[in-house]
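The values are calculated or read from the model by the stated rules, or taken from the named source; none is laboratory data. Source: prediction; values computed, not measured. Note that each Cβ is placed from the backbone with ideal geometry, even for glycine, and that neighbours are counted across all protein chains shown.
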Amino acid sequence: YIDDNACTDLLNQSLKQMCPSLYTNENAIFSKACEKLKQALNIKNDSYERDRLLKEAVELVKQIGYVANLGQVCDMLHTAGCYEAIFELCITAAEKRDPQNIALYYYRKNEPPEDIQGQHYYQLRTECYKSMLDCLNNLVKTPSYSLAQQKTSAFISKEKLEEEINYLIRYVVNSKDELAQVSLFNWMVSNGFEKKLVTLDSTFLEFYLIRQYENQSKNRIYLDLLWRHYDYKKDYIKASKVLITLAEKESATSISLRERVEYLTQAIVALNSSQKSSVKDEIAELNDRKDVALLQERIFEELGKIEPRTEAIQEAMGLLDSRLYDITKLFYEFAEKFELSQYKLAIFKMSRHEDPNFIEIFWKQIVANENDKLNRPDMKPSDLKHELAENIILIAKDYIDDEKYFPLNLLIDSLEFVSLARGFEPEWCCSLLRRLNLPFEQLIQAYNEVYLKKDIKWAENSSRFINGIYCLIELFTKAPRATSETDK
């Protein structure tokens, strides 16, 4: 009838008189709204008249939002480019269909399956929001260079399109409809708008993210979004707590060891950003936890270098990459089990355990292990002594500042023995130790003490230590300016 230019008002009146039980007043209003929408879509040159008809149609549909066919109306509004009107209609219709907000109580109670009434109203609201989200989907999926703006028949630029989407997102956030915002949040997570989501100034976002995490605890995305949201709001204390939770989550969440270390780092940054004196102790504790996590990462990497990679090693690496361990478990379940002497020593120092007998045993094993690693037929003698020296220096640098964990006399004894067995030149060991910037006086005294000990294994080669002292004195005389006044 509309296409034949028939009068809708006259037809509506006749239909209501002839079959009032089938054709209600709401049907008449809806027909009138559709008529105005179709008339507006047919207008090409009179933008004022077009906008007037569209606004009148929207107002009519808002009156009957609880029964109107939203999908049909919203499709026509989308064709007309009236995106805001779609959102306005959807939110208004949801309110009219659930005036007592029963769906919100259902949502807040975590959607109990026995609440049939709440489920019914929740579904009614969801159906209303669908057209709103369909509009966003169409805007996102339509290439900007082919999306025509019906009012001007001009192409919309990418920037204009993004501006339109952001405006519609703000429209929903500025509404008081929490469930409309929840639908929007879900859509944003599913469509790659996470960065935008965490910056929204919504009073409902925090509750949404916490609720989503509690219902999907194996999915860390909501905790990631939550700490970023807190960070954006400059609520650094809350952000740090979420980051710590992420770092310490169990293996079901598929968080790698590297990511856990990064979460701890971010937590420290967040606490420092809070600039509150009350968190100093917490920052110190977090730094300690990060140090242990970094040590765990080093053990993980060391196990990865071991060949052949046995089933036990693979299992251990999987465990290390699935959670954070305390320092005691790192020692007994990994460093001790796989004879990682370097890391046993590191754990001793980190935990301030000062048993000299164990420390000496660890150093002997470290030197022996580094020496054994180089038993490769393809390695030249010159490369071997260079690589061995570099490896020992790299390890020793972590301990030279604390003599309790750096038994110099034992190290001289062990390194000189390797040097003798390998046929290195006599000055190899003392040159290595000087590269650690140890004072000449300390080195000469240590060499002398090892010599005077008269260990039976050196019975035929004790002069090697005298040669070491000679080497140190010669190094000193060649570079006196490189020596401190105290050392001189």
Notebook entry, point to check: Which residue out of 312, 284, 247 is under 30 Å from residue 391 (Cα atoms) and of a type in the set (A, V, I, L, M)?
Noted result: 312
Checklist line | Failed item, numbered, when residue 97 is tested on (1) among the basic types (Lys, Arg); (2) closer than 20 Å to residue 188 by Cβ; (3) touching a helix residue (DSSP H, G or I) at 6+ places or on another chain (Cβ under 7 Å) | finding: (2)
Notebook entry, point to check: Under the condition of being at pLDDT 95 or above and of a type in the set (A, V, I, L, M), which residue from the range 301-317 is farthest from the chain's Cα centre (by Cα)?
Noted result: 312
Next item on the list: Within the range 93-125, count every residue that is outside any helix (DSSP H, G or I) and either of a type in the set (Gly, Ala, Ser) or touching a residue at least 60 places away in the same chain (Cβ under 8 Å) (or both).
Entry: 1
Next item on the list: Output the number of residues of the range 103-123 satisfying the condition of being surrounded by fewer than 18 Cβ atoms within 10 Å (Cβ to Cβ), in contact with a helix residue (DSSP H, G or I) (Cβ under 7 Å, 6 or more places away or on another chain) and hydrophobic (A, V, I, L, M, F, W, C).
Entry: 0
Notebook entry, point to check: Just checking, which of 107, 121, 83 is at negative phi and under 33 Å from the mean Cα position of the chain (by Cα)?
Noted result: 107
Checklist line | residue 419 vs. criteria farther than 19 Å from residue 358 by Cβ, assigned to a helix (DSSP H, G or I), of a type in the set (S, T, N, Q) and in contact with a Pro (Cβ under 9 Å, 6 or more places away or on another chain) | finding: yes
Notebook entry, point to check: Name the residues in the range 307-338 that are under 25 Å from residue 244 (Cβ atoms), surrounded by 14 or more Cβ atoms within 10 Å (Cβ to Cβ) and among the acidic types (Asp, Glu), would you?
Noted result: 321, 333
Note to self: Every residue in the range 463-488 that is surrounded by 13 or more Cβ atoms within 10 Å (Cβ to Cβ), modelled with pLDDT of 85 or more and hydroxyl-bearing (Ser, Thr, Tyr), please.
What the structure shows: 470
Next item on the list: Please verify whether the range 387-405 includes one or more residues that are in a helix (DSSP H, G or I), under 19 Å from residue 447 (Cβ atoms) and hydroxyl-bearing (Ser, Thr, Tyr).
Entry: no
Notebook entry, point to check: How many of the residues making up the range 339-357 are in contact with a Leu (Cβ under 9 Å, 6 or more places away or on another chain) and either within 21 Å of residue 247 (Cα to Cα) or part of a helix (DSSP H, G or I) (or both)?
Noted result: 4
Next item on the list: Working only within the range 139-161, note down all residues that are exposed (fewer than 13 other Cβ atoms within 10 Å of the Cβ) and either modelled with pLDDT of 85 or more or part of a helix (DSSP H, G or I) (or both).
Entry: 141, 145, 146, 158, 159
Margin query: Just to be sure before I move on: is residue 382 surrounded by 20 or more Cβ atoms within 10 Å (Cβ to Cβ) and either part of a helix (DSSP H, G or I) or touching a Pro at 6+ places or on another chain (Cβ under 9 Å) (or both) in the structure I sent?
Written below: no
Check: What residue, of 261, 269, 242, is closer than 21 Å to residue 320 by Cα, in a helix (DSSP H, G or I), without any contact (Cβ under 8 Å) to a residue 40 or more places away in the chain and aliphatic (A, V, I, L, M)?
Finding: 261
Next item on the list: Please determine, by comparing only the residues of the range 238-252 that are buried (at least 16 other Cβ atoms within 10 Å of the Cβ) and of a type outside the set (Lys, Arg), which one is farthest from residue 295 (Cα to Cα).
Entry: 239
Item checked: Breaking point among (1) at pLDDT below 95; (2) over 38 Å from the mean Cα position of the chain (by Cα), for residue 373 -> (2)
Next item on the list: Those residues that are basic (Lys, Arg) and not in a helix (DSSP H, G or I), I need them from the range 437-488; list them, please.
Entry: 454, 488
Notebook entry, point to check: For the range 195-231, what are the residues that are surrounded by 14 or more Cβ atoms within 10 Å (Cβ to Cβ) and of a type in the set (Ser, Thr, Tyr)?
Noted result: 202, 208, 213, 217, 222, 230
